[in-house]
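Peer 1: The structure's right below; bear with me while I get my questions together.
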Amino acid sequence: MSNSVNSRPGWSLDKRNPNRIRSFMPFWGWFYHHYFRVQTEGWETIPEGRVLLVGSHNGGLAAPDMVMTIYDWFRHFGTERLVYGLSHENLWKVMPPLANLAMEIGSIAAHPKMAIAAIRKGASILVYPGGAQDVFRLHRDRHKIEFAGRVGFIKLALREQLPIIPIVSHGAHDTLIVLADLYEQAKMLNQWGIPWLGNADPEVFPVYLGLPWGLAIGPLPNFPFPMPIKIRVCPPIYFPRYGREAVRDRDYVRVCTEKVRSQMQRQLNDLAS
């Protein structure tokens, strides 16, 4: 990649800083063991080499199950086994200081070019396809796997011949209680001339109960309630066909997506029960 591209937030693989990651481990560890009392299983099922980790996350912008999953990866594999997380473009637009820190931990722009560059470097990829619609899904939908219609992660796995490792979690949905989504109303106000915060379309506009606001409207930062979290790393999913022809086959991509979604849904149902 050119230097001009590398200068854009999230568009460099070289910002990752193992020393910064190690400095955060005690901090994350305290939350892992004492605040969220995480129970985890299945890490031994991850094969060697590059994998595509596909998760479903909860709990607003704090996304505590995502953070605890990242901690779990480093706890099991150290900082030597490369992993990059794909982050929504709004992170780089709205919160530059947080974006800089995220890059040091291994976050990159959620764009196919960046994902492929990381994979070609020998890294694994962590992606949450549902994005904002997933992390702010209604509390009544807390036991529902949500991909928000996105299939790019499947195309990435097929193109690069990667096994998919599903990761499901339970409990983080109670760290923030999403009551409603007023996105359509907020979008109408935006069309009338009221700009989005940071000029970034949030894709959701939740009404939620959470810290520190109590009752909040909009995708504001939050501090999660101290609820127990369970994380399950599921067995790898392999597909019968890979390569560019498979990527171009829309029906096949749809079938592969449903296979991942349904397996994750079964695992989440089991975890929730």
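Peer 1: Is there any pair linking a residue in segment 149-167 that is touching a residue at least 60 places away in the same chain (Cβ under 8 Å) and within 24 Å of Met68 (Cβ to Cβ) to one that is surrounded by 17 or more Cβ atoms within 10 Å (Cβ to Cβ) and of a type in the set (D, E, K, R), with Cβ under 6 Å and at least six apart or on different chains, and which?
Peer 2: Leu162/Arg50
Peer 1: Limited to segment 130-184, what total is found for residues that are of a type in the set (Ser, Thr, Tyr), surrounded by fewer than 23 Cβ atoms within 10 Å (Cβ to Cβ) and at pLDDT 95 or above?
Peer 2: The total comes to 0.
Peer 1: Hey, another quick one. On the basis of being assigned to a loop (DSSP other than H, G, I, E, B) and either buried (at least 16 other Cβ atoms within 10 Å of the Cβ) or more than 14 Å from the chain's Cα centre (by Cα) (or both), does Arg81 make the cut?
Peer 2: yes
Peer 1: Can you work out which of the residues in segment 14-48 that are of a type in the set (Gly, Ala, Ser) and touching a residue at least 40 places away in the same chain (Cβ under 8 Å) is nearest to Ile164 (Cα to Cα)?
Peer 2: Gly42
Peer 1: Given the conditions (1) closer than 30 Å to Ile46 by Cα; (2) part of a helix (DSSP H, G or I); (3) in contact with a Phe, Trp or Tyr (Cβ under 9 Å, 6 or more places away or on another chain), report the number of the one that Leu162 does not fulfil.
Peer 2: Only one criterion is unmet by Leu162, namely (2).
Peer 1: Restricted to segment 189-230, and to residues that are in a loop (DSSP other than H, G, I, E, B) and among the charged types (D, E, K, R), which residue is farthest from His33 (Cα to Cα)?
Peer 2: Result: Asp201.
Peer 1: Pairs only if they're at least six apart or on different chains, beta carbon under 7 angstrom, first in segment 214-232 and farther than 16 Å from Leu138 by Cα, second exposed (fewer than 14 other Cβ atoms within 10 Å of the Cβ) and modelled with pLDDT under 95; list them, first residue then second.
Peer 2: Phe223/Pro212
Peer 1: Let me ask something additional. Provide a single number: the residues in segment 97-123 that are over 15 Å from the mean Cα position of the chain (by Cα) and modelled with pLDDT under 90.
Peer 2: Residues flagged as over 15 Å from the mean Cα position of the chain (by Cα) and modelled with pLDDT under 90 within segment 97-123 amount to 4.
Peer 1: Name the residue that is surrounded by the fewest Cβ atoms within 10 Å (Cβ to Cβ), counting only residues in segment 114-129 that are more than 18 Å from Pro47 (Cα to Cα) and touching a Lys or Arg at 6+ places or on another chain (Cβ under 8 Å).
Peer 2: Ile116
Peer 1: Here are the criteria: (1) within 18 Å of Arg142 (Cα to Cα); (2) modelled with pLDDT of 95 or more; (3) surrounded by 14 or more Cβ atoms within 10 Å (Cβ to Cβ). Tell me which single one Ser262 does not satisfy.
Peer 2: (3)
Peer 1: When segment 104-123 is examined, which residues are found to be assigned to a helix (DSSP H, G or I), β-branched (Val, Ile, Thr) and in contact with a strand residue (DSSP E or B) (Cβ under 9 Å, 6 or more places away or on another chain)?
Peer 2: Ile105, Ile119
Peer 1: Now, a different point. Using beta carbons and a limit of 6 Å, which pairs, at least six apart or on different chains, have the first residue in segment 98-109 and over 15 Å from Ile125 (Cα atoms) and the second one of a type in the set (Lys, Arg) and assigned to a helix (DSSP H, G or I)?
Peer 2: Between residues of segment 98-109 that are over 15 Å from Ile125 (Cα atoms) and residues that are of a type in the set (Lys, Arg) and assigned to a helix (DSSP H, G or I), the close pairs are Glu104/Arg20.
Peer 1: Tally time: how many residues in segment 234-270 are in a helix (DSSP H, G or I) and either closer than 14 Å to Gly55 by Cα or charged (D, E, K, R) (or both)?
Peer 2: Number satisfying all stated conditions: 19.
The values are calculated or read from the model by the stated rules, or taken from the named source; none is laboratory data. Keep in mind that what you see is a predicted model, and the values were worked out from it rather than measured. All Cβ positions, even for glycine, are placed from backbone atoms using ideal geometry, and neighbour counts span all protein chains on display.
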